[in-house]
């Protein structure tokens, strides 16, 4: 236990999205409060949910909801947010409200809000949730993208030099920077592991989904090309021919026009339930009701290094998962824990869905194996690394070494 280690020290967290949208930030904020840190959070507003409230935490909410569209809109939103954060952060620093600043990336340009506080002695921690270079290469096209990628590589170098600690969500992120000749000496790995207490139906005495003749498939996540939505819909159409009692629940927000168009064509399909985005604490309800989780991620520069959070949430709930076979996932999970299939291959995905839909025992076995692995990579372990690493930053330990979870 590390309760009380904060001794009232102040931590200021700068999120790159709304607090409601960010379960990783929610877990880290809760850990800081439990450990006795005075915690303040900057974040975007979310028009779909009320402003966040948590005992022991002061929230500063930027009164704009992010709108994912063009690269220009993306840049303008974050530029305005960065200016707002910078001004308030300086004012709070004058009043000695915090001693450590943790900024969540991407975009990497958001790190610039830390420069002035760092000059006054504030310790700076970078939580690299997405690698901007891989994200922009996967999401945007056009001549402006090339310039943004060039600029982003320069920012990466600055971040590596100036950060007192860098937090990665998996080993693939560090290796990606290493491939660009950026050696990170002070880092820790804090996996996007689920809080098992919130998702395990046995630990929470939740009733399992009622037995039915139907097999319920669940997709949960942002509806975008890189998350493989179109591949999933083609695969479901193929699989439902062989397994007529198959159903699909889609849980998430359409952030690209093509996804909205696809979903509009499925509204009247009785086999498909389109839920939209829900608060993170409600995700467990849909996972409990599912028989199979599907994570059909496309093969992009970003997804090759990513480790989807939903794997841990399905695993905590003992649900079997069909997942794209990509390096970021294979670093931590084997074929005995996940049903792998090639990315962007609707036929292979349909075959994997049919196989699990017909084999109840295989579903149970795969779910239990995944659960056991997720227990080894639990949030309790990740939280320990996180808090221990912050302690070393506060005490400026010159012998601080690399902490890695395996």
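Is it the case that residue 62 is buried (at least 17 other Cβ atoms within 10 Å of the Cβ) and either part of a strand (DSSP E or B) or out of contact with any helix residue (DSSP H, G or I) (no Cβ under 7 Å at 6 or more places or on another chain) (or both)? Taking the combined requirement at face value, the residue satisfies it. Selection of the stretch 321-343 for residues being surrounded by fewer than 17 Cβ atoms within 10 Å (Cβ to Cβ) and closer than 17 Å to residue 219 by Cβ yields an empty set. Note on the stretch 217-237: residues that are in a helix (DSSP H, G or I) and in contact with a strand residue (DSSP E or B) (Cβ under 7 Å, 6 or more places away or on another chain) total 3. The test for being modelled with pLDDT under 85, out of contact with any helix residue (DSSP H, G or I) (no Cβ under 7 Å at 6 or more places or on another chain) and not in a loop (DSSP other than H, G, I, E, B) holds for residue 197.
Answer yes or no as to whether residue 122 is assigned by TED's automatic domain parsing to the domain that holds residue 84, touching a helix residue (DSSP H, G or I) at 6+ places or on another chain (Cβ under 6 Å) and either under 25 Å from residue 98 (Cβ atoms) or in contact (Cβ under 8 Å) with a residue 12 or more places away in the chain (or both). Give the steps one after another, and end with the answer.
Details: assigned by TED's automatic domain parsing to the domain that holds residue 84: yes; touching a helix residue (DSSP H, G or I) at 6+ places or on another chain (Cβ under 6 Å): no; either under 25 Å from residue 98 (Cβ atoms) or in contact (Cβ under 8 Å) with a residue 12 or more places away in the chain (or both): yes.
The answer is no for residue 122.
Among the residues here, residue 57 does not qualify as over 21 Å from the mean Cα position of the chain (by Cα) and under 12 Å from residue 16 (Cα atoms). Screening the stretch 238-297 for strands (runs of 3 or more DSSP E) wholly inside it with 2 or more residues that are within 19 Å of the chain's Cα centre (by Cα), at negative phi and modelled with pLDDT of 80 or more returns the ranges 246-251, 292-295.
Looking across the stretch 330-354 at every residue that is outside any loop (DSSP other than H, G, I, E, B) and touching a helix residue (DSSP H, G or I) at 6+ places or on another chain (Cβ under 7 Å), the one that is nearest to residue 311 (Cα to Cα) is identified as 339. Could we say that residue 316 is within 17 Å of residue 363 (Cα to Cα), surrounded by fewer than 24 Cβ atoms within 10 Å (Cβ to Cβ) and in contact with a helix residue (DSSP H, G or I) (Cβ under 6 Å, 6 or more places away or on another chain) here? No: the conditions fail for residue 316.
Between 151, 72, 135, 110, the distinction of being within 30 Å of residue 388 (Cα to Cα), out of contact with any helix residue (DSSP H, G or I) (no Cβ under 7 Å at 6 or more places or on another chain) and part of a helix (DSSP H, G or I) belongs to 135 only.
Residues 74, 98: which one is assigned by TED's automatic domain parsing to the domain that holds residue 14 and within 23 Å of the chain's Cα centre (by Cα)? Talk me through it step by step, then tell me what you get.
Values: 98 fails: within 23 Å of the chain's Cα centre (by Cα).
Testing whether each residue is assigned by TED's automatic domain parsing to the domain that holds residue 14 and within 23 Å of the chain's Cα centre (by Cα) leaves just 74.
In the set (1) buried (at least 22 other Cβ atoms within 10 Å of the Cβ); (2) assigned to a helix (DSSP H, G or I), residue 306 fails one condition alone, (2). Looking for something surrounded by fewer than 23 Cβ atoms within 10 Å (Cβ to Cβ), touching a helix residue (DSSP H, G or I) at 6+ places or on another chain (Cβ under 9 Å) and under 30 Å from residue 36 (Cα atoms) - is there at least one such residue anywhere in the stretch 364-377? Checking the stretch 364-377: at least one residue is surrounded by fewer than 23 Cβ atoms within 10 Å (Cβ to Cβ), touching a helix residue (DSSP H, G or I) at 6+ places or on another chain (Cβ under 9 Å) and under 30 Å from residue 36 (Cα atoms).
The values are calculated or read from the model by the stated rules, or taken from the named source; none is laboratory data. Treat the numbers as computed from the prediction; the structure is a model and nothing was measured. Quick reminder, even Gly has a Cβ in these numbers, built from the backbone with ideal geometry, and neighbours come from all protein chains shown.
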